[in-house]
Amino acid sequence: MTADIQYTGLSGINGPLIALDGVKGAAFDEIAEIEIEDANGNRQKRTGRIVEMSGERVILQVFEGTSGLSLTNTRTLFTGKSLQIPLGTELLGRVMNGSGKPADGLGDIFPEKYGDINGRAMNPVARKYPRNYIHTGISSIDCLMTLIRGQKLPIFSGSGLSHNKLAAQIVKQAQLTGEGGGDFGIVFAAMGVQNDVAEYFRRSFEETGAAGRVVMFLNLSSDPIIERILTPRCALTAAEYLAFEKNMHILVIMTDVTSYAEALREFSSSKGEIPGRKGYPGYLYSDLASLYERAGVIEGSTGSVTQIPILTMPNDDITHPIPDLSAYITEGQMVFDRGLDSTGIYPGLSVLMSLSRLMKDGIGKGYTRDDHPDVANQLFAAYARTQDARSLASVIGEDELTAADKAFMKFGVQFEKNFVNQGENESRSIETTIELAWDLLSILPKNELDRMNDALVNEHYDAKRAERFFA
Amino acid sequence: MNDVIFSINGPVVKVKESKTFSMLEMVLVGDKKLIGEVIDVDDAYTVIQVYEETSGMRPGEPVVGTGAPMFATLGPGIISNIYDGIERPLTAMRDISGAFVTEGSALPALDLKRRFDVTVKVTLGDILAAGQVYATCPETPLITHKCLAPPDLERATVSYAAPNGKYCVDDVIVKVKTPAGERSFTLAQKWAIRKPRPVKSREPLTRPLVTGQRIIDTMVPVAKGGTAAIPGGFGTGKTMNQHQIAKWCDADIIVYIGCGERGNEMTQVLEEFTELIDPKSGRPLTDRTVLIANTSNMPVAAREASIYTGITLAEYYRDMGYHIAIMADSTSRWAEALREISGRLEEMPAEEGFPAYLPSRLAEFYERAGYVTTLSGEEGSVTIIGAVSPQGSDFSEPVTQNTKRFVRCFWALDKALAYARHYPAINWITSYTEYSDQLADYYNSRVSDEFLPLRQRMVNLLAEENNLMEIVKLIGADVLPDDQKLTLEAAKLARVGFLQQNAFHKDDTYVPIDKQLYMMKAIITLYDCCLSALSKGVPLSVLTASGWFEKLTKMKYDIPNGDLSGLKDYIANITKEIGSVRS
């Protein structure tokens, strides 16, 4: 067997890649252990994975980087296995490094089984369509971009905005409704984030008493980029195991997808691949999909994997390949607006650019409140109209607007101040949120509520309700 | 000599110095016998793209040719099924390997054990020619499956015909004598997916594909046998539009290709189409639908094949005399699969890394649409509706631009409309159709001769609004004269009351073309009456206070689809009330 043969030396080193000749019997995607002996005779072990093979020449990527490697100081052993991580309920409460090895000094995981980190595609026939909503206690999310169990709903943000705070608040307040809402866990994957960001999340998990239900996979910004490509895969493998074999509801927070994609670009260019848009490899879409598609609910299990990936849009540009391709795969997006954020509104989410594709089947009768879909629809329409009125006002001045447009201007301000804006520790029930929405809609003339039927308007609309905003 | 794997790079595998394989031949790769296709042959290497995950494969494993190109199996049992990109049945796969897709599950596309109630249509001594029906069987309560003599058959004499009865797809039903020897036909046949199935002749496109979606049927209709593209950035509703058309259009059969899209969307189609009852037939929509699912995390090479598999199935049913609509969601993912494979082959890239043959591949695909007379003399059609996902919502990117050259109907989705939750977010200014002239006869004779003039009035009204908005953006609407203000009011009514359609409302999700006609008529009547009142000196504020604008905005909900008398009353009352207003 190949597992016994050690290959001495290398035939080439290029960035994170090394080449070996004369290899017999290795398999594509197989893992190798590389032992280095430096000038002082110290030994060190690294891990690599086969990414290309032709004949007896094999190209390996080294997870920990190639610094210190020479053509003569290595011995390589092929393990005969693809990359697997140990899995078990013991994972909960542990901190691992980016390639799935314990990093908290508490010793090895005693595994119930091993899982291949690449996972496999879910058969669409075996999926269950996600329907149960997750109550986050945040009005703008619950009412207008409802998070559904089994959904992948990323946060698109920019550097310096409060995406981390929002993610931490969601974790803190998230409650599951519907049957089997009990067993809840969090998998946190840090991909190239600063140490203090990882620390912020760790502290916030501790404060909320969730630490015992969290698995953390940390690849910090100073860690090797090849490991960064493995980090989300390790995290999702753990998530799938806990969800589908242990029937838990797992919320996966992945931050920051932009660093991940940049690592992928660096790796691709060192392999000499033909670049696509902005230098990212042509397979960026497929690669991101292989992460995001690992969310969902399947038959034969009561658990679920819900993903909240966080990505910072380079230069706040939503058409940049990373947010663009992500949004084509994910089921909606929550988009931060720098303008709103700078006026002190938290969370500064741009309501119109945000979207939850799955909310239509998880809200309304039997899920939230019967009038929720209509109210959400009307809020969107009214706020869109507000934007039109604002852009008009910036040209001709507010005084020249029609009476209706002036009402929309008033509505817009109060909507942002009272509905979107919310305390960091404030959790609103769905009932509170929808009643608040009706209060706000009552600022508008009754005949402008054109997205719902008259009966509904008559039942809830009352111009007096709006008075509290102007008292 | 034995052919073995020499190199592996993702889904691309090379065999060294082999002369056994022919171009586009289907091969079985490695110990797991993964399905692959030969995409390049020269004296040094044969290049194969593998349709499944190559993880764990080793150089030195065998590669075996099948002697035939990539084919689809055609026969009863296709409808209601869900396949992956290379026609492997996903339901059967789940039963064998569980919730996650595994490689190397060599499953037959059709259920070999299911028995069909076959009526044999030929008897001993009959002459059978290409495309003729030799047997029929009910496939679903809606679709009668017709077994067609293969297109390469010259006239031949039937030498054996089985009696009517219950048969499985592999049972021999008919044998014929040809100069080359005897051939036997079962219920199923094979066809190479990259080769269009032959027809007797192509016919002009004169009938619309009626979708029940107002903006499509009135403003930008597509003909049966035509091609349409839906380009739009993320969140603009490509998939939603495709679902709506698939649910409600008047095709006999829907082939829905989920190409590189979300797994949950395919699940949604599966669930919804099982529950939804088609109002025309009273049967679940699955009875007329076949799904092809290659979700975004399934192997990329199979994504490239899924489009061809889908259109081959469609052509097969077209040859039986059915009208098929294909939803391809999304052709951009297919183009990206081409790019990915091309990159691995180290081909010279053209625009944005896409291979130079992208336009010709797109053209080949869209050219397989058409309204035809089949070999057996029946009429059938394949309509292709392809979604395009332009990167960064930029319509100047290669896939959108090249698609635009080969489709004749362009439904441009607009981000601004989607942000304002105006659905369907099809922009009425930038979308177009080249079929309107060819379809004019149909609208005049089958719907009403008022339809096209009303449509034109509405187009003009919206175009005028577009021009006026330029001014309004600068100086506000208040300074406009009353007649222009009326134009804005009427155009708003047309947008909100007519073009906007609620897919989740029980009546509004599908609107018959008659109702569309009367809704247009009500809007234009109100506009005309108000214009003439204005000319008599009635101020606009009096007219808007009449309540008719609000009433017409909600007519889509207030007037049921089945009973249009309400709309006719509206029109009569508008004429009476607005006509009698005096200044």
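First check a/c for the stretch A:372-470, with a ≥ b ≥ c the square roots of the eigenvalues of its C-alpha gyration tensor; if it is under 1.5, answer rounded, and if not, answer prolate when a/b is larger than b/c or oblate otherwise. Show your work: numbers first, answer last.
On the way: a/c = 1.90, a/b = 1.30, b/c = 1.47.
Taking the square roots of the gyration eigenvalues as a ≥ b ≥ c, the stretch A:372-470 is oblate.
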Q: Determine ³J(HN,Hα), in whole Hz, for all residues of the stretch B:302-309 in sequence, where each value follows from phi through the Karplus function 6.51 cos²θ - 1.76 cosθ + 1.60 and θ = phi - 60°; x replaces Gly and Pro.
A: 5, 5, 5, 6, 4, 4, 6, 4
Q: Tally the DSSP beta bridges in the stretch A:84-361 and give the antiparallel ones as a percent, rounded to 5.
A: 35 percent
(Q) Projecting each Cα onto the charge dipole of chain A (Lys/Arg +1, Asp/Glu -1 at the beta carbon, about the Cα centre), which of A:Y346, A:V187, A:N42 comes out farthest on the positive side? (A) A:N42
Q: Assign one of three labels to chain B, namely rounded, prolate or oblate, based on the Cα gyration tensor with a ≥ b ≥ c the square roots of its eigenvalues; rounded applies when a/c is under 1.5, prolate when it is not and a/b is larger than b/c, and oblate otherwise.
A: prolate
Q. Per-residue mean of other chain beta-carbon atoms within 10 angstrom of the beta-carbon, peptide B:333-343?
A. 4
(Q) Looking at chain A, identify the longest residue range that excludes and avoids all GluC sites (Glu not before Pro) in DSSP loops having at most 15 other Cβ atoms within 10 Å. (A) A:300-423
Q.
Under a Cβ-only charge scheme (Lys and Arg +1, Asp and Glu -1), can you give me the dipole magnitude of the stretch A:247-287 about the Cα centre, in debye to the nearest 20?
A. 140 debye
Q. By how many nm would the segment from B:D43 to B:A106 lengthen if fully extended, with 0.36 nm per residue of separation less the alpha-carbon distance?
A. 19.6 nm
Q | Distance violations [Cα-Cα > 29 Å] among B:K473/B:K576; A:K172/A:K278; A:K406/B:K485; A:K81/A:K271; B:K280/B:K492 | A | B:K473/B:K576; A:K172/A:K278; B:K280/B:K492
Q: Let me know the charge dipole size of the stretch A:372-470 about its Cα centre in debye, to the nearest 20, where only the beta-carbon of Lys, Arg (+1) and Asp, Glu (-1) is charged.
A: 80 debye
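How much net charge surrounds A:L87 when only the other residues with a Cβ under 12 Å from the Cβ of A:L87 are counted, with Lys and Arg +1 and Asp and Glu -1? Please list the in-between numbers first.
Details: positive: A:R94, A:K113, A:K246; negative: A:E90, A:E112, A:D116, A:E240, A:E245.
Neighbour charge sum, excluding A:L87 itself: -2.
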Q) Does anyone have the angle between helix A:430-441 and the longest principal axis of chain A? Alpha-carbon axes, 0 to 90°, nearest 10? A) 50 degrees
**Q.** Residue (of A:V257, A:S162, A:F419) at the positive-pole extreme of chain A, dipole from beta-carbon charges
**A.** A:V257
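Are there any chymotrypsin sites (Phe, Trp or Tyr not before Pro) in the stretch B:465-527 that are in a DSSP loop and have at most 12 other Cβ atoms within 10 Å? List them by number.
Values: sites: B:F498, B:F504, B:Y510, B:Y518, B:Y527; in loops: B:F504, B:Y510.
Sparse-neighbourhood loop chymotrypsin sites (Phe, Trp or Tyr not before Pro): B:F504.
Taking the beta-carbon count within 10 Å as an exposure proxy, list B:I216, A:I109, A:I186, A:I430 from fewest neighbours to most. Spell out each step's value before the answer.
Working: B:I216 28, A:I109 17, A:I186 23, A:I430 20.
By the 10 Å Cβ count, ascending: A:I109, A:I430, A:I186, B:I216.
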Q) What average number of partner chain Cβ atoms lie no more than 10 Å from the Cβ of the residues making up A:125-136? A) 5
Q: Could you pull out the trypsin sites (Lys or Arg not before Pro) across the stretch B:476-583 that fall in loop regions by DSSP (anything but H, G, I, E, B) with no more than 14 other Cβ atoms inside 10 Å?
A: B:K506, B:K536, B:R582
Q: Enumerate the calculated ³J(HN,Hα) couplings along the stretch A:72-88 in order (Karplus 6.51 cos²θ - 1.76 cosθ + 1.60, θ = phi - 60°), each rounded to whole Hz, writing x wherever the residue is Gly or Pro.
A: 10, 9, 10, 10, 10, 10, 8, 8, x, 10, 7, 6, 10, 10, x, 10, x
**Q.** Beta bridges per DSSP with both ends in chain B, % antiparallel, nearest 5
**A.** 70 percent
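Could you work out the mean count of beta carbons from other protein chains within 10 Å of each residue's beta carbon in B:54-65?
Working: counts 3, 10, 8, 5, 9, 12, 4, 1, 0, 0, 0, 0.
Per-residue shielding by partner chains comes out at 4.
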Q | Beta bridge orientation in the protein assembly as shown: antiparallel %, DSSP, nearest 5 | A | 65 percent
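Which loop-located trypsin sites (Lys or Arg not before Pro) does the stretch B:274-335 contain, where loop means any DSSP state but H, G, I, E or B and the Cβ has at most 11 other Cβ atoms within 10 Å?
Numbers: sites: B:K280, B:R288, B:R303, B:R318, B:R333; in loops: B:K280.
Counting only loop positions with at most 11 other Cβ atoms within 10 Å, the trypsin sites (Lys or Arg not before Pro) in the stretch B:274-335 are B:K280.
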Q) Near the amide H of B:D278, under 5 Å away, which other amide H atoms are found, from residues 5 or more places off or on another chain, if H is placed in the peptide plane? A) B:R283, B:L285
Q: Only Lys, Arg, Asp and Glu count, each charged at its Cβ (+1, +1, -1, -1), so figure out the dipole size of the protein assembly as shown about its Cα centre, rounded to 20 debye.
A: 1520 debye
Q: Let me know the longest stretch in chain A that avoids all trypsin sites (Lys or Arg not before Pro) found in a DSSP loop with at most 15 other C-beta atoms within 10 Å.
A: A:82-364
Q: Pop out the ³J(HN,Hα) list for the stretch B:127-133 in order, Karplus 6.51 cos²θ - 1.76 cosθ + 1.60 with θ = phi - 60°, rounded to Hz; leave Gly and Pro as x.
A: 9, 10, 10, 3, x, 7, 7
Q) Between A:A455 and A:A404, what FRET efficiency follows from the Cβ-Cβ distance if R0 is 22 Å, with the result rounded to 0.05? A) 0.45
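Express in % the proportion of alpha carbon pairs of the protein assembly as shown at distances exceeding 52 Å.
Working: 137748 of 554931 pairs.
Tail of the P(r) past 52 Å holds 25 percent of the pairs.
Normalising by the residue count of chain B, find the relative contact order in percent from Cα pairs under 8 Å and 6+ residues apart. Intermediate results must be reported in sequence, preceding the final value.
On the way: 1207 pairs, mean separation 75.0, N = 583.
Computed value for chain B: 13 percent relative contact order.
Bear in mind these aren't lab numbers, they're just calculated from the coordinates by the rules spelled out. Keep in mind it's a predicted model, so treat the numbers as computed, not measured. So basically every Cβ, Gly included, is an ideal-geometry build from the backbone, and we count neighbours across all protein chains shown.
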